[in-house]
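In what follows, a structure is listed as structure tokens, so that the remarks can point back to it.
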Amino acid sequence: MASSEETINVCYQEAQATYAKWGVDTEMAIDKALATPISLHCWQTDDVRGFENLQNTVGGGTLATGNYPGRARNGDEARADLTQVLKLLPGTHRLNLHASYAETGGLKVDRDALTVDHFSRWIDWAKSQQVALDFNPTYFSHPKSDSGFTLSSPDASIRKFWIDHGQICRRIAQAFATKFNSPSVINHWIPDGLKDCAADRWSPRKRLIESLDAILQDNSVDRSLCIDAVEGKLFGLGSEDYTVGSNEFYYSYTQSRGIVPCLDMGHFHPTESVADKLSSLMLFHPKILMHTSRPVRWDSDHVVIFNDDLRAVFLELTRGQALDRAIIALDFFDASINRLSAYVIGTRATRQAILYALLDPSKKLQSYEVGGRVAHKLALMEHAKFLPFAAVWNKLCLQAEVHPGIDWLKDVEKYEHAVLSLR
Ligand SMILES: [Mn+2]
């Protein structure tokens, strides 16, 4: 290890000098990239099935395709997998739980009756790993979501059930925040919509406003501890024609209610630039929740990779000095590959994109642009792609005491042999 450490340090010193020429401080970039929290989603461990004691099938716009062996079948297995994953990741992390990951000790506890006690084993684990918890109500994969409508259902008793669920989830998020001394982000996503030719696009949206208002009206929850976000979508499985909670609906809703819009990179038309939306939204919204995901032709939730789309999102945030106003969380699930590898690839890619953005010679580019030197700007943008990013990433990994390259795969292989292959 010593010789490779030495090589990393020598290369880094050269890289540091190269970036300094363009006014970029690599030390600051590494520190900031490591300190920026990324909230891991718990649902890559088990293909979004959940561990509550209900005979649910996965449904409502979520579908993990693939059949790779070793899926976590219970909370203990999921936590063991996540413990191994965290060992291979540099930087600061949180964990995003869905309500369907409640552990009820074999008792049937429906979604409107959950309490923080049903997450006590997750809390103990999270404390041991020094990761704080975020939360998500689960408005899908439940008999009361089978009609395709939850908070916007025409049936008042269905709406009441899901409003109650939303309210108790906010109390659970607040309890997480208190236990971890860190505000907990709660993200509300509903699958509501129609497969084909909606005749009334208005009434479900009116009902959704009323239901969300009812959820948020709970005064027992402190909004500085429980950060509410709502996640829009272009379309979902089974709601191809009409999605009640569209992106436009939620931009207006969040603006009028003072809560946070969630942008999932997979929830737009594939030709839309999610990065371009950030300045428009964040000039009005103090915070956004950014779900890194990867659509392939549709909202397919592929494992996040270090691609142009991801880099563009984080470049927009750093160029607008808005990185600290973005809450960053992962949202992908691929059941066709080793699930631990999926986490490591996707989380590392997200942190690589953060580092890449922090190393961008943005000030120089912006001064060229405002000065009308557009060829200079374009030339430097192209040149910046060839700056020694890898040398700085390797140094970041060295500092965080994780494998810089892909030797982490050996650890995953060992774990697969010793643990996953026995499941
Ligand atoms: Mn999402």
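The values are calculated or read from the model by the stated rules, or taken from the named source; none is laboratory data. This structure is a prediction, so every number in the text was calculated from the model and none was measured. Counting neighbours? That spans all protein chains shown, and the Cβs are built from the backbone with ideal geometry, glycine included. Heads up: the accessible areas ignore ligands, DNA and RNA and are worked out on the full protein's heavy atoms, side chains in. Shrake-Rupley method; radii C 1.70, N 1.55, O 1.52, S 1.80 Å.
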Inset, instruction - Quick one: count up the residues across the range 300-322 that are under 20 Å from Ala384 (Cα atoms), open to solvent by less than 10 Å² (accessible area, probe 1.4 Å) and more than 16 Å from the ligand (Cβ to nearest atom). - result: 2
Inset, instruction - Would you please list the contacts, defined by Cβ atoms under 7 Å and residues six or more apart or on different chains, that run from a residue in the range 220-247 that is within 19 Å of Ser203 (Cα to Cα) to a residue that is in a strand (DSSP E or B) and open to solvent by 20 Å² or more (accessible area, probe 1.4 Å)? - result: Ser239/Leu194; Asp241/Leu194; Tyr242/Leu194
Legend entry - Qualifying residue in the range 396-412 (condition: within 31 Å of the chain's Cα centre (by Cα), in a helix (DSSP H, G or I) and closer than 19 Å to Thr318 by Cβ): yes
Inset, instruction - Please work out which residue is farthest from the chain's Cα centre (by Cα), limiting yourself to the range 327-342 and to residues that are open to solvent by less than 10 Å² (accessible area, probe 1.4 Å) and within 16 Å of the ligand (Cβ to nearest atom). - result: Ala342
Legend entry - Condition check for Asp218: more than 16 Å from the ligand (Cβ to nearest atom), part of a loop (DSSP other than H, G, I, E, B), of a type in the set (D, E, K, R) and surrounded by fewer than 24 Cβ atoms within 10 Å (Cβ to Cβ): yes
Legend entry - Odd one out for Tyr368, checked against (1) without any contact (Cβ under 8 Å) to a residue 60 or more places away in the chain; (2) under 23 Å from Cys262 (Cα atoms); (3) aromatic (Phe, Trp, Tyr): (2)
Legend entry - Of all residues in the range 179-200 being more than 16 Å from the ligand (Cβ to nearest atom) and surrounded by 15 or more Cβ atoms within 10 Å (Cβ to Cβ), the one that is farthest from Pro137 (Cα to Cα): Ala198
Inset, instruction - Give me the pairs, please: first residue somewhere in the range 320-332 and on the phi > 0 side of the Ramachandran plot, second residue anywhere and within 12 Å of the ligand (Cβ to nearest atom) and assigned to a strand (DSSP E or B), beta-carbon distance under 7 Å, and either six or more positions apart or on two chains. - result: none
Inset, instruction - Output the number of residues of the range 250-304 satisfying the condition of being hydroxyl-bearing (Ser, Thr, Tyr), outside any loop (DSSP other than H, G, I, E, B), out of contact with any Pro (no Cβ under 8 Å at 6 or more places or on another chain) and more than 18 Å from Ala322 (Cα to Cα). - result: 3
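Conditions tested, residue by residue: (1) within 23 Å of Thr36 (Cα to Cα); (2) buried (at least 22 other Cβ atoms within 10 Å of the Cβ).
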{"position": "Tyr68", "(1), (2)": "no, no"}
{"position": "Ala78", "(1), (2)": "no, yes"}
{"position": "Leu86", "(1), (2)": "yes, no"}
{"position": "Gly105", "(1), (2)": "no, no"}
{"position": "Val109", "(1), (2)": "no, no"}
{"position": "Lys127", "(1), (2)": "yes, no"}
Inset, instruction - Tell me, please, whether a residue that is modelled with pLDDT of 95 or more, in contact with a helix residue (DSSP H, G or I) (Cβ under 9 Å, 6 or more places away or on another chain), farther than 28 Å from Ser224 by Cβ and within 15 Å of the ligand (Cβ to nearest atom) can be found in the range 247-264. - result: no
Inset, instruction - Kindly list the number of the only condition in (1) of a type in the set (D, E, K, R); (2) open to solvent by 10 Å² or more (accessible area, probe 1.4 Å); (3) closer than 25 Å to Phe249 by Cα that fails for Arg121. - result: (3)
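Please tell me if Tyr250 is in contact with a strand residue (DSSP E or B) (Cβ under 7 Å, 6 or more places away or on another chain), surrounded by 16 or more Cβ atoms within 10 Å (Cβ to Cβ) and touching a residue at least 24 places away in the same chain (Cβ under 8 Å).
no
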Inset, instruction - May I ask you to verify whether Gly148 is among the small types (Gly, Ala, Ser), crowded, with 19+ Cβ neighbours inside 10 Å, closer than 25 Å to Trp43 by Cα and within 16 Å of the ligand (Cβ to nearest atom)? - result: no
